[in-house]
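Enquirer: Would you mind keeping the following structure in view while I ask a few things?
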Amino acid sequence: MTETQVPIPKTRTAPAPASAAGAARNADVTVIRAASGWPHLHLAELWRYRGLLGVFVWRDLKVRYKQTVIGVAWAIFQPLFTALVYTFIFGRFAKFPSENLPYPIFAYSGVLAWQYFSASLNQASSSVVGNVQLVTKVYFPRLLLPIGGVLVPLVDLTLSLTVMVGMMVWFHVVPSAVIVFAPLFIALALITALGAGLTLAALTVRYRDVPYAIPLFMQILPFLSGVMYSLTAMPAKWQWVLSLNPLSGVITGWRWAVLKGFQPNFGQLGVSIGIAFLLLVVGLAYFRRSEPQFADTI
């Protein structure tokens, strides 16, 4: 559904407003129409509801850490513990290549980017089903739900970056000027998660077994994204194949920008970016096409 403000047509029989305030109130009328199936964002409408988006983000943050023992410290412990396991198994025993970087910080940087994507995808895919009371009773742009889902994990990512700064100091890793591109790779992860999350959110409304399939897929994806190893150590033909996974471009580029890791192949990076935007367009189209049936199906 979309909301549009249109002026009320003037007629001879229309009564004059009692005051200037009344004239302002009667100047426009809200028209709610069925959403088109074309992939579009309706940025003007989303901007009008930006306050509601902030409410969704703040609500999800409070729910996540409500009645926890260590609170927001979980955002630090989760990637840190995962990186320690990777270091012990893949760094110490398997001797995976780490782009001439100390393996602990190599693994931790990959885990950060990966866990942001994983958390964003999980929250975006369950955002519509998780807000049944709102979707069935109140009008608002439904896109706010998956958008809020990919924004909430940015807070965890920011907290986790404090540990990576400390590791960079400990291992004497000095970033270069290309660190200014680091936010762009997180933005690429956000676009990928949002595009896939929009499709999965619409599918979850109709097929309730979709949430059971997502964890299986997420267990395999890190091995195809270079979280615990360097993709640059693989044969060139397989690097091109894995570039079809946008997360491979995200993680390789993120390490290059933050830790002065190996420079990514920009042709392969272009493939990853193209696939990410394709996922976003397809996700928007499917979400918009499915949106009018959400309240009836859910």
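The values are calculated or read from the model by the stated rules, or taken from the named source; none is laboratory data. The shown structure was predicted, so the numbers you read here are calculated from the model rather than taken from an experiment. Backbone-built Cβ (ideal geometry, glycine too); neighbour counts: all protein chains shown. Please note that ligands, DNA and RNA were not included when accessible areas were found on the heavy atoms of the full protein model with its side chains. Shrake-Rupley method; radii C 1.70, N 1.55, O 1.52, S 1.80 Å.
Enquirer: Looking at this structure, is Tyr139 among the aromatic types (Phe, Trp, Tyr) and either over 12 Å from the mean Cα position of the chain (by Cα) or open to solvent by 10 Å² or more (accessible area, probe 1.4 Å) (or both)?
Expert: yes
Enquirer: To continue, here is another question. Check segment 279-297 and report whether any residue there is modelled with pLDDT of 90 or more, over 16 Å from Leu200 (Cβ atoms) and either assigned to a helix (DSSP H, G or I) or not hydroxyl-bearing (Ser, Thr, Tyr) (or both).
Expert: Within segment 279-297, not a single residue is modelled with pLDDT of 90 or more, over 16 Å from Leu200 (Cβ atoms) and either assigned to a helix (DSSP H, G or I) or not hydroxyl-bearing (Ser, Thr, Tyr) (or both).
Enquirer: Asn100 versus (1) open to solvent by 30 Å² or more (accessible area, probe 1.4 Å); (2) at pLDDT 90 or above; (3) not in a helix (DSSP H, G or I): which is the lone unmet condition?
Expert: (2)
Enquirer: Please go through segment 75-87 and give me each residue that is surrounded by 12 or more Cβ atoms within 10 Å (Cβ to Cβ), over 17 Å from Phe223 (Cβ atoms) and of a type in the set (Phe, Trp, Tyr), ordered by number.
Expert: Once the filter is applied, which keeps residues that are surrounded by 12 or more Cβ atoms within 10 Å (Cβ to Cβ), over 17 Å from Phe223 (Cβ atoms) and of a type in the set (Phe, Trp, Tyr), segment 75-87 yields only Phe77.
Here is a yes/no grid of residues against (1) hydrophobic (A, V, I, L, M, F, W, C); (2) surrounded by 15 or more Cβ atoms within 10 Å (Cβ to Cβ); (3) over 16 Å from the mean Cα position of the chain (by Cα):
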| site | (1), (2), (3) |
| --- | --- |
| Met228 | yes, yes, yes |
| Gly253 | no, yes, yes |
| Gly261 | no, yes, yes |
| Asp296 | no, no, yes |
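Enquirer: Please go through segment 184-212 and pick out each residue that is outside any helix (DSSP H, G or I) and closer than 13 Å to Ser290 by Cβ.
Expert: Within segment 184-212, just Tyr207 meets the criteria.
Enquirer: Picking from Val55, Val111, Val135, Val72, which residue would you name as being under 26 Å from Phe217 (Cα atoms), aliphatic (A, V, I, L, M) and in a helix (DSSP H, G or I)?
Expert: Val111
Enquirer: Looking at Ala276, Ala257 in this structure, which one is in contact (Cβ under 8 Å) with a residue 40 or more places away in the chain and farther than 22 Å from Phe96 by Cα?
Expert: The conditions single out Ala276.
Enquirer: If I ask for residues that are at pLDDT 90 or above and either closer than 17 Å to Ser176 by Cβ or among the basic types (Lys, Arg) (or both), which ones from segment 250-261 would you list?
Expert: Passing the criteria: Thr252, Gly253, Trp254, Arg255, Trp256, Ala257, Val258, Leu259.
Enquirer: Continuing with this model, one more query. Consider Leu134 carefully, then state whether it is farther than 30 Å from Thr87 by Cβ and buried (at least 18 other Cβ atoms within 10 Å of the Cβ).
Expert: no
Enquirer: Looking only at segment 103-114, count every residue that is open to solvent by 10 Å² or more (accessible area, probe 1.4 Å) and within 17 Å of Ile191 (Cβ to Cβ) and tell me the total.
Expert: Total satisfying the criteria: 1.
Enquirer: Is there a residue being under 20 Å from the mean Cα position of the chain (by Cα) and within 30 Å of Val129 (Cβ to Cβ) anywhere in segment 164-181?
Expert: no
Enquirer: Next up: Tell me yes or no: at least one residue of segment 149-157 is touching a strand residue (DSSP E or B) at 6+ places or on another chain (Cβ under 9 Å), farther than 27 Å from Ser243 by Cα and surrounded by 14 or more Cβ atoms within 10 Å (Cβ to Cβ).
Expert: Within segment 149-157, none of the residues are touching a strand residue (DSSP E or B) at 6+ places or on another chain (Cβ under 9 Å), farther than 27 Å from Ser243 by Cα and surrounded by 14 or more Cβ atoms within 10 Å (Cβ to Cβ).
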